[in-house]
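The values are calculated or read from the model by the stated rules, or taken from the named source; none is laboratory data. All of these numbers come straight from a predicted model, not from anything done at the bench. So basically every Cβ, Gly included, is an ideal-geometry build from the backbone, and we count neighbours across all protein chains shown.
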Amino acid sequence: MGVFKTEKEYHKSIDTDRLVYLMENYLKEDKWKVQTVNTKSGKLLQARKGGILRDMIAAERSLNILFSKTPDGLKVTIGVGKWLQNISVAVVETLLLSELFLAIDVPEMLWNAEIERKVVRKLDDLVAQT
């Protein structure tokens, strides 16, 4: 697992649309604002946590989860990127943390790493159920 990006591969047939739907609902239940879009690389799910302080400090940052089909299953890439106001014109290059975000303070980096671990655990659970 990297500091700014996590990649996970699942080597089984998975209904990607259902998995994205379940992950989206899980995040919404945890009070995340969520949006999704189909891209040429797969399905991109963006999520951001609300709150006055988070809105002021990290208004454009989001947790981005890209679901990409592979010949033998599914690859999921999780990282921090820019919240896209118009996600329908998303460019996948904005998915992962860019050099501009390297100035994130240590507590924010630790929070992001914890969220990524939590999301990966939930994805593992959801995939095991499918």
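If the condition is being hydroxyl-bearing (Ser, Thr, Tyr), buried (at least 17 other Cβ atoms within 10 Å of the Cβ) and modelled with pLDDT of 90 or more, then the stretch 45-83 contributes Ser68, Thr77. One residue stands out among those in the stretch 33-42 that are in contact (Cβ under 8 Å) with a residue 24 or more places away in the chain and in a strand (DSSP E or B): the one that is nearest to Lys69 (Cα to Cα), which is Gly42. When the residues of the stretch 9-39 are filtered to those that are aromatic (Phe, Trp, Tyr) and in contact with a strand residue (DSSP E or B) (Cβ under 8 Å, 6 or more places away or on another chain), the one that is nearest to Lys75 (Cα to Cα) is Tyr10.
Filtered by the rule that a residue be farther than 13 Å from Val119 by Cβ and either polar (S, T, N, Q) or assigned to a helix (DSSP H, G or I) (or both), the stretch 1-32 gives Ser13, Thr16, Asp17, Arg18, Tyr21, Asn25, Lys28, Glu29.
Please find, within the stretch 6-44, the residue that is farthest from Gly81 (Cα to Cα) out of those that are modelled with pLDDT of 90 or more and β-branched (Val, Ile, Thr). Result: Ile14. Can you name the residue in the stretch 9-27 that is over 13 Å from the mean Cα position of the chain (by Cα) and charged (D, E, K, R) and is also farthest from Thr70 (Cα to Cα) among such residues? Here the answer is Arg18.
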